[in-house]
Structure formats: structure tokens, C-alpha cells
Amino acid sequence: MKLALAQLNPVVGDIDGNCSAIISAIEDARGRGADVVLLPELAVVGYPPKDLLLKSGFIEASVAAVERIAARCVGVIAVVGCVKPNPASSGRDLFNAAAVCRDGRIAAVHYKVLLPTYDVFDERRYFEPASEHELETIRVGDESVVAGVTICEDLWNEASVLRRPMYHENPIAQLAGRGAKVIFNISASPYDCEKDAFRCSLFATQAEHNSLTIVYLNQVGGNDDLVFDGASAVFDASGKMIARAKAFEEDLLLVDLDRPGDGRVEPYPDRVAGIYAALVLGTRDYFAKCGFKSAVVGLSGGIDSAVTAAIAVESLGAEAVRGVAMPSRYSSDHSLTDARGLADNLGIRLDVVPIGDMHATMEGGLAELFAGTQPGVAEENIQARIRGNILMAICNKFGSLLLTTGNKSELAVGYCTLYGDMCGGLAVISDVPKTAVYELARHVNARAGRELIPRGTLDKPPSAELKPDQADRDSLPPYDVLDAILAGYVENHQSAEEIIAAGHDRATVLDVIRKVDRNEYKRKQAAPGLKVTSRAFGTGRRMPIAARYNS
């Protein structure tokens, strides 16, 4: 039996476009001799569709699209991720479904059993869980295979691998116990930089424990804050990976289960390369799917704006990226020099808009109101807000999208200015800790084989340059210390005492945690950011603003 894993990049809500892409993939697979082709979870509507699922016309269009797809499934079997209305008089209105299409019709429909409601997932808001999976006998000529058709989370509850299983049932073990020899799993599983090794271990363990073949088909592409890495794979009954599709690209992976040694196994990028690929893909798709053609990046000469600009160029092309430098009286000479050097190296346009006069005018206008007070953060932030206004004006004038340049470390502790450097439509590196930003910068240069990001940018101490001789270390602990504390508190949910017990200074830990908690209001107003870690600020972290709890 020859399988085709159609690793597609659906657009949320574009039912007609997704339908066309699915039909094209089915015809391509059939033309290459495939007997069965798998399509991603909810491929017809795109994942995650969120509250589009509450629109009746959206569901009707989706149901009609599946019928059109099924009509084209002659001479090939397709397993298509879709939405299915729930005919029962109680429960949620919809099922997250996989339609098995053959002979020009929908021959069977299988429903998702395990519905995730953690991190970025909220599937019980929309879907009714199935009580169990039905087996599917796949017949090709004189050959037949008893298969289990499952959807994403159904494959993620193996007790021997997980510290604490989230569900009481294991659909894969149940299907194996009832005679399944192959598991088809269609997924839309978002990327994070630690997931792949665990994912492979989980799937390999289940294949070996249950003596069956696992066929995992994952979506690829960026949808809002989520990036899907593809890397669809097949594991044989011994737990060996016998085939793997490309990561971060659309792909059609062909696998002959009767000749498993012939499978194509694509490499998976290392951690830093994977983060970079995810950010490039997420940025490219955000622009393409939202209809923006060009980007604006404020270039300070610092590491964050440099990495953001490099990602923008990789995603969109140099001709679509405009850099803007906005020196003030506090800007160092090398800031503008490094911004110019970066722009030249990347081949992008650089506009220089000095803000000294604007800053002086603002200070003068507020002089009477501020009289008798000491200069402080309010005066510093005037500069950041002037810059935000300039960047937004340029975007409004030329129809561009502004990319914010703040990293996760700064966003975590509020080392950023509302309506200033936080202005923008996409926060490209908002889930990248500062230490990893430096890793990305070195990766950019190594990948190019030359110095795209200037050496001065990499070497100089980071600074907001909002007052004389300012440096980040004046307000924050060293970034390696800060990022370790933030990883414990934000990503691993550790208490202050647990982080202190790991060897960190008590006063530093308590100060960092206080800053994280008190700046929730800022993050609620931030641009959407691309998720690349296990716990990003955004839809997956739901913390109250008005709250009193000392961690």
C-alpha cells in the first residue's frame, strides 16, 4: 500500500482556496501512484478557525467543500480534516472530523476523541468529543489493512512517556487492542523549539508498544501567532522512523508500506536553526495571509532590531523592507553607524529621521506641567513614543506593516514602552529570550557566510539609549541570569522558592517575578507575537491583570 502525506499550508477561513489546494494534492498523489492520501486536521477550514466556527454560513460552506473534494476521489482514498455538524440534540454543535473519501463519495467519518484545552488550544469551546474511534478497513485491490483514523491529540496520551497523562483513555492502545495495524493521524500541531525530540520519542514508543505503524501527517505554515513545522513522519512497528517530510515547507511525502526501506527521511534543523526557520515562515505567512506587501522596522543599531530586520528580509525580500533610524541627543555615534551598516549588508532602504527637535518641543510643552519634579521614566519614554508615532505614520502613508522589535526578556519584565517601541502589527521575536536573540544573530551571519549583522551590534552592551550612558544592566540582571529565571517562572511554572533553590539570588528572583506580574497589562496590549517556545506570552498564557498573588 502506497501512502501520500500531503503536508499543506491552509489559510484559515479560505474554504475555496483550501479546497482547491486539497484537490490538487489528491490529484498529484494519485498521479504518483498513491493508494491513500492524508490531509491535515481541519484542512478544509484551516487551523485554528476559532470563532469562525460559530458562523452557520461558514459551516455550510465547509460541508459543501468536503462533498466537492469527495467527488474528486476516484482511484484514490483521501483522509480529509474537516468540520462535521453534530446531529444530536445536546452537546456541542460540531465534531472535529476526518472524512474518508473514496469512489467519489464520503465513505466514512471519524471524530476526534481527545480535545485539548491547554496552552493555545480551546477545542472544547467548539467541538463535541467522540466516545471512541471506529476501525477503518482500507481496501486497495486485493489488499486490505485495518486502520485507526485519529486526529492530532488522539496520539498524545501515552502514559509511559508522559509525566502525567491528561486524559483517562489512550485511543491508540484501544485501537491496537481491537486489531488496528496502522494508525493514520492527521494533525495541526504547532511548533515549539523543544517539541520535536519529544514528539518523535512519543510516536516511536507508541508504535513499538502497540506493534503497529504510525503515520503522522502535520500541517505546515503560520496562522497568526502559531507556526506549524510539518515534519510529517512514519514510524514502523519497531518504533523506527522510516520516512519524514521536510520541516517548515509544504511537501508531498510518498511511503510504500510494503517497501519501508525506500522512504525519504528529511533532516530536522537544530534548535537555533529551527527557531529561525519558524520566525521566517511565521512572518512570511502573516504578511501573505493578511495581505501586507511591505514591512517597516525601526533600526536602533541594536541586536533586536538587527535580527528582526534580517528575518523580515529573509521572509519578504530586501525590496519589501524599509529601515528607519531615529537618533536622539542620547544616541551614540555607533548606533547610526551600525544601523547604516546593517541596512547596507541586507540591501534595504534606510531613512534617517532625527527626533532631537521633536523631543525638545515635547519637553518644552510639558515643562510647566512637570515643573518641580525630577526627570525620570516619563521623560525617557517621550522619545520612545515619538519614535512609535513616526514609524506608524510611515506605515500609514505607504501601506506597510510595522514590525516591533522587543524580545521575550524585555516583554516579560516590562522593559518596553506602551505606544512607543511596542507599536506595531507583528512582534516577530517577542517569544525569543535575549540570549537566544544573540544566537539567532550569529546564525544569520553563519548562514550568509558573511557579516550581515555588524560586529559592533553583536559586541556592544545593549542599551535603550533614552538617557546619558544608559545600559540595560542598569535596570536588569545579566541576561543569562534573567533568562534562566524567566524560563523557570514563565515556561516551567516554578515558584520563587524553587527558582531560588536552583541557585539564583533571592532578591533578584523576587524582583524579576514582581516585574513579570506587574506588567501583565502591557502584554495584553502588545502586538501578536510568533510562538516558538513551550510557553509564550499571548493566547496560551492567560493571567489576570487585577490580581494579588505573591509567587
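The values are calculated or read from the model by the stated rules, or taken from the named source; none is laboratory data. No experiment lies behind these values; they were computed from the predicted model shown. Please note: Cβ atoms are built from the backbone with ideal geometry, for glycine as well, and neighbour counts cover all protein chains shown. Just so you know, the surface numbers come from the protein's heavy atoms only, side chains and all, with ligands and any DNA or RNA stripped out. Shrake-Rupley method; radii C 1.70, N 1.55, O 1.52, S 1.80 Å.
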When residues of region 488-508 are limited to those that are among the hydrophobic types (A, V, I, L, M, F, W, C) and surrounded by 21 or more Cβ atoms within 10 Å (Cβ to Cβ), the one nearest to residue 423 (Cα to Cα): 490
Can we say residue 496 is at pLDDT 95 or above, in contact with a Ser or Thr (Cβ under 6 Å, 6 or more places away or on another chain) and over 21 Å from residue 436 (Cβ atoms)? yes
Can you tell which of 6, 108 is over 24 Å from residue 125 (Cβ atoms), open to solvent by 10 Å² or more (accessible area, probe 1.4 Å) and part of a strand (DSSP E or B)? 108
Restricting attention to region 52-96, report how many residues are under 20 Å from residue 17 (Cβ atoms) and either open to solvent by 50 Å² or more (accessible area, probe 1.4 Å) or touching a Ser or Thr at 6+ places or on another chain (Cβ under 6 Å) (or both). 9
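Go through region 509-524 and give me each residue that's out of contact with any helix residue (DSSP H, G or I) (no Cβ under 7 Å at 6 or more places or on another chain) and either farther than 25 Å from residue 548 by Cβ or open to solvent by 30 Å² or more (accessible area, probe 1.4 Å) (or both).
Of everything in region 509-524, those that are out of contact with any helix residue (DSSP H, G or I) (no Cβ under 7 Å at 6 or more places or on another chain) and either farther than 25 Å from residue 548 by Cβ or open to solvent by 30 Å² or more (accessible area, probe 1.4 Å) (or both) turn out to be 511, 514, 517, 518, 521, 524.
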Residue satisfying all of: in region 243-262; touching a residue at least 12 places away in the same chain (Cβ under 8 Å), open to solvent by 20 Å² or more (accessible area, probe 1.4 Å) and more than 26 Å from the chain's Cα centre (by Cα); farthest from residue 23 (Cα to Cα) among these: 261
Quickly run through region 12-43 and pick out the residues that are assigned to a loop (DSSP other than H, G, I, E, B) and closer than 18 Å to residue 227 by Cα. 12, 13, 14, 39, 40, 41, 42, 43
Within region 424-448, residues open to solvent by 10 Å² or more (accessible area, probe 1.4 Å), on the phi < 0 side of the Ramachandran plot and in contact with a strand residue (DSSP E or B) (Cβ under 6 Å, 6 or more places away or on another chain) come out as 425, 430
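Conditions tested, residue by residue: (1) surrounded by 23 or more Cβ atoms within 10 Å (Cβ to Cβ); (2) under 30 Å from residue 286 (Cβ atoms); (3) touching a strand residue (DSSP E or B) at 6+ places or on another chain (Cβ under 8 Å).
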site	(1), (2), (3)
122	no, yes, no
125	no, yes, no
141	no, no, no
147	yes, no, yes
172	yes, no, yes
209	no, no, no
Residue 538 vs (1) under 19 Å from residue 283 (Cβ atoms); (2) at pLDDT 95 or above: all pass except (2)
Would you check if there is a residue in region 496-506 being within 30 Å of residue 344 (Cβ to Cβ) and outside any loop (DSSP other than H, G, I, E, B)? no
Specify the residue that is modelled with the highest pLDDT; the eligible residues are those in region 457-487 that are open to solvent by less than 30 Å² (accessible area, probe 1.4 Å) and in contact with an Asp or Glu (Cβ under 7 Å, 6 or more places away or on another chain). 457
